[in-house]
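The values are calculated or read from the model by the stated rules, or taken from the named source; none is laboratory data. Fair warning: this is a prediction, and the values are worked out from it, not measured in the lab. Here Cβ is always computed from backbone atoms with ideal geometry, including for glycine, and neighbour counts include all displayed protein chains. Just the protein is used for accessible areas: all its heavy atoms, side chains included, with ligands, DNA and RNA removed. Shrake-Rupley method; radii C 1.70, N 1.55, O 1.52, S 1.80 Å.
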Amino acid sequence: MTGIPDVASTAALDEKSVAALREILDDPSLPVGTTAEGPDGIRIARLREALDHLVTLRAGAVAGGSPGAGSRLLTSLEALDSELAAVLREHVTAVEFLPTLEPGRARNAVLGDIGRGDLVTFASGVRAWSWGDGAAPGPEQPLRRAHGEIEVGHFPGFYTTVLAWDPDIGGLIAIPTHRQGVSWQPAADDAETSHAWVVTLAAVTFHADDLIPLDRDPRGGRSQTLV
C-alpha cells in the first residue's frame, strides 16, 4: 500500500532545529492582520510561526517515515512546548492511521500532501452535516455541495485538511480548510477553558474523490455500516 513518501531522516528533531524552534517560541514575531485581532491571537501567531518552521523541515512527513517516528517527534516537542505538541498530536495519529487504509484517490492525495509537509487533523466531532439532494458524491453524481458544522480541537488555520467522519457521511471526508465556503470561529461554549473551534461549511463543493470509505470512527474505533 502507498504510504508516506520516504524522507531523508527519521530523527525527531536535531539540535539545530530545536534551537530554532525555541527561539521562535520564546520571541515570536508580532502577530499581524486578523490573527492579532482575533481571539487568542497572540498564542495562535506564536504557534503558527513554529508550525511554519516545522513545515519547512517536513517534520510532519518525517513523523510517518518509520515506526515510532511520530512518537519521537511528539516527545521532542513536548519537552520543548506542550501546546505545540498538542497541536500536532492529531496529525501524528492521521499519519499512522491513513497508510493502514486501502489505497484510493482521496487517501493517497492526503498522504501526498503530508509527504510534502502539510499538516492535517481529525475533527473532534460532527455537529451537523447534510448533502445537497440528500446523497453523498458518487460515480453517477461525483460533485455535491455540503452544509455542516464540525468541531476541531485547535485553530483550523494550522492545518491544510480536516478529516471528519460520521456514519451519515459515508466515510471520512477530507475537508480543505481554505476551500470556498469554509469558515470558523471559537467554540463559544468552552472558550475560557479550551482552544476548540467550530468549522462551518456553507454549500462547500466536494468531489467523490474527497471521500475516503471507512466503516468506523478513527478516533473511537466504533463499527458502523456505511450509508
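I need the full set of residues from the range 56-92 which are among the small types (G, A, S), in a helix (DSSP H, G or I) and buried (at least 17 other Cβ atoms within 10 Å of the Cβ), in order please.
Applying the first criterion (among the small types (G, A, S)) to the range 56-92 yields 59-61, 63-66, 68-71, 76, 79, 82, 85-86.
Restricting the remaining residues to those that are in a helix (DSSP H, G or I) gives 59-61, 69-71, 76, 79, 82, 85-86.
Correct list: A59, G60, A61, A69, G70, S76, A85.
Would you confirm whether any residue within the range 184-196 is out of contact with any Lys or Arg (no Cβ under 7 Å at 6 or more places or on another chain), surrounded by 20 or more Cβ atoms within 10 Å (Cβ to Cβ) and modelled with pLDDT of 95 or more? No, the conditions are met nowhere in the range 184-196.
It is to be established whether one or more residues within the range 161-174 are more than 16 Å from V110 (Cβ to Cβ) and among the aromatic types (F, W, Y). Give the derivation first.
Here is the first cut: in the range 161-174, the ones more than 16 Å from V110 (Cβ to Cβ) are 166-168, 170.
Next, from what is left, pick out any that are among the aromatic types (F, W, Y): none.
No, that holds for no residue.
All told, D113 falls short of being at pLDDT below 90 and either over 16 Å from L214 (Cα atoms) or of a type outside the set (V, I, T) (or both). Taking every residue in the range 74-91 that is farther than 14 Å from L47 by Cβ and pairing it with any residue that is assigned to a helix (DSSP H, G or I) and open to solvent by 50 Å² or more (accessible area, probe 1.4 Å), at least 6 positions away or on another chain, the pairs with Cβ-Cβ distances below 9 Å are L74/R89.
Under the condition of being of a type in the set (A, V, I, L, M, F, W, C) and modelled with pLDDT under 90, which residue from the range 19-43 is most open to solvent (accessible area, probe 1.4 Å)? In this case the residue turns out to be L30.
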